[in-house]
Amino acid sequence: MKIRTAPTRAELLRAKRLLTRVEQGATLLRRKREALARALVPLARPAAEARRAISDAAGAAYRAELAALAVHGEGGVAATGSPPRAVEVELDSERVWGVPVPTLRALPAFDRDLESRDTAPGATGLALFEAANHFETLLRLLLDAVTRESHVRALGTALSRTARQLHTLEQRVAPELSARVAQVTAALDERAREDQTRLRTLRGRLVRR
């Protein structure tokens, strides 16, 4: 590494101060990485289990829909979605290691009975009810997983960024500063030896005179 400034005592002190700060920063990042990993581990298994539950619920819902289509046809299945409704959720935002994470305040009610579905009891068979119930269960699982998945993603993003920053400090910045300290120290030592040599030479000349 080439020294861009003159090898002076001030440059040596500056490089040493920077190296100390980098080492302190690396220590803090290392602790942050460990804390993020500890926070992420307990969420990993529930998140994986939630994904499996969503996958199973989606498979059951679409199988029930196919069964309802076979019995009641497309028009009969479409009637179970009437009247259309909007699913409203209230979101809060919190910060996880500086990353904003959306959180649900409370899950709305999904299940509807015959009256709320606005379908004729005689024309509504068991297959239609099962299909509708499966999709409502799937929707509930999806919304319930929002907060957990958001936390996992936020922690994973923060952990990845922290690991990159720590790698940069440990593998690039700190070695460059250490090399600068060593080179400036070597240059100053060499200059001191040259000064001593010149002084001895000068004293020898004075003595001979």
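Exactly one residue among 154, 174 is over 30 Å from residue 79 (Cα atoms), part of a helix (DSSP H, G or I), modelled with pLDDT of 90 or more and of a type outside the set (S, T, N, Q), and that residue is 174. Checking every residue in segment 43-55 against the condition of being part of a loop (DSSP other than H, G, I, E, B) and surrounded by fewer than 16 Cβ atoms within 10 Å (Cβ to Cβ) gives zero matches. Considering 76, 59, 25, the condition of being part of a helix (DSSP H, G or I) and surrounded by fewer than 13 Cβ atoms within 10 Å (Cβ to Cβ) is satisfied by 59 alone.
When residue 24 is tested against (1) in contact (Cβ under 8 Å) with a residue 40 or more places away in the chain; (2) farther than 30 Å from residue 137 by Cα, just one condition goes unmet, and that condition is (1). Among all residues of segment 112-133, there is at least one that is of a type in the set (Phe, Trp, Tyr), surrounded by 16 or more Cβ atoms within 10 Å (Cβ to Cβ), modelled with pLDDT of 75 or more and over 30 Å from residue 37 (Cβ atoms).
Checked against (1) touching a helix residue (DSSP H, G or I) at 6+ places or on another chain (Cβ under 7 Å); (2) among the polar types (S, T, N, Q); (3) farther than 30 Å from residue 56 by Cα, residue 137 passes all but a single condition, namely (3). Scoring residue 190 on the criteria (1) closer than 25 Å to residue 11 by Cα; (2) buried (at least 17 other Cβ atoms within 10 Å of the Cβ) leaves a single failure, condition (2). Restricted to segment 88-100, and to residues there that are at pLDDT below 75 and surrounded by 11 or more Cβ atoms within 10 Å (Cβ to Cβ), the residue that is nearest to residue 31 (Cα to Cα) is 97.
Pairing residues of segment 35-57 that are modelled with pLDDT of 90 or more with residues that are of a type in the set (Val, Ile, Thr), at Cβ distances under 9 Å and at least 6 apart in sequence or on separate chains, gives 57/137.
The values are calculated or read from the model by the stated rules, or taken from the named source; none is laboratory data. These numbers were taken from a predicted model, which means no experiment stands behind them. Cβ coordinates were reconstructed from backbone atoms using ideal geometry, including for glycine residues, and neighbour counts include every protein chain displayed.
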